[in-house]
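The values are calculated or read from the model by the stated rules, or taken from the named source; none is laboratory data. Just so you know, these numbers come straight off a predicted model, no measurement behind them. Here the Cβ positions follow ideal geometry from the backbone for every residue, glycine too, while neighbour counts run over all protein chains shown.
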Amino acid sequence: MISRIWHGYTTHENTDAYESLLKSEIFIGIRGRNIPGFQEIQLFRRDLGKETEFITIMWFDSIESVRAFAGEDYEAAVVPPKARALLARFDERSQHYEVRERLQQ
């Protein structure tokens, strides 16, 4: 299993609009692509004082599944134009980790 981690940052003025865009359009669009091996996406948010940090963690069966989502250059961030307009800055590259243990209740 592969975990894809990405960070994006907004101004406080754009925080709620960005979160709403993720939930109402971007995540639904990802699910609608029916990507083989895509399992789930998680969203984290925290106030850093002058900006808000968002982290997405996507779960895939394999690197091949990540490539089906992101393309051959699978580390490149996938940030649609509407999201770019709301972000102050973001990771240009996503990090990928082999999940060695995932304990669930």
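Free of Cβ contacts under 8 Å to residues at least 60 places away in the same chain and either closer than 15 Å to residue 22 by Cβ or out of contact with any Asp or Glu (no Cβ under 9 Å at 6 or more places or on another chain) (or both): is that true of residue 76 in this structure?
no
Regarding the stretch 11-25, can at least one residue be identified that is closer than 22 Å to residue 101 by Cα and either at pLDDT 95 or above or of a type outside the set (Lys, Arg) (or both)?
For the stretch 11-25, residues closer than 22 Å to residue 101 by Cα and either at pLDDT 95 or above or of a type outside the set (Lys, Arg) (or both): absent.
Being more than 12 Å from the chain's Cα centre (by Cα), part of a helix (DSSP H, G or I) and closer than 15 Å to residue 85 by Cβ is the filter here; which residues of the stretch 1-23 pass it?
Within the stretch 1-23, 13, 14, 15, 16, 17, 18, 20, 21 qualify.
Results for (1) touching a helix residue (DSSP H, G or I) at 6+ places or on another chain (Cβ under 7 Å); (2) over 12 Å from residue 6 (Cβ atoms), shown as yes or no for each residue.
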site: 27; (1), (2): no, yes
site: 30; (1), (2): no, yes
site: 36; (1), (2): yes, yes
site: 42; (1), (2): no, no
site: 52; (1), (2): yes, yes
site: 67; (1), (2): no, yes
site: 84; (1), (2): no, yes
site: 90; (1), (2): no, no
site: 102; (1), (2): no, yes
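Step by step: first the residues of the stretch 28-37, then only those that are surrounded by 15 or more Cβ atoms within 10 Å (Cβ to Cβ) and out of contact with any Ser or Thr (no Cβ under 6 Å at 6 or more places or on another chain), then the one that is farthest from residue 8 (Cα to Cα). Which residue is that? Walk me through it before giving the result.
Looking only at the stretch 28-37, we keep the residues that are surrounded by 15 or more Cβ atoms within 10 Å (Cβ to Cβ), and these are 30, 35, 37.
Those still in the list that are out of contact with any Ser or Thr (no Cβ under 6 Å at 6 or more places or on another chain) too: 30, 35.
Values: 30: 17, 35: 23 Å.
Result: 35.
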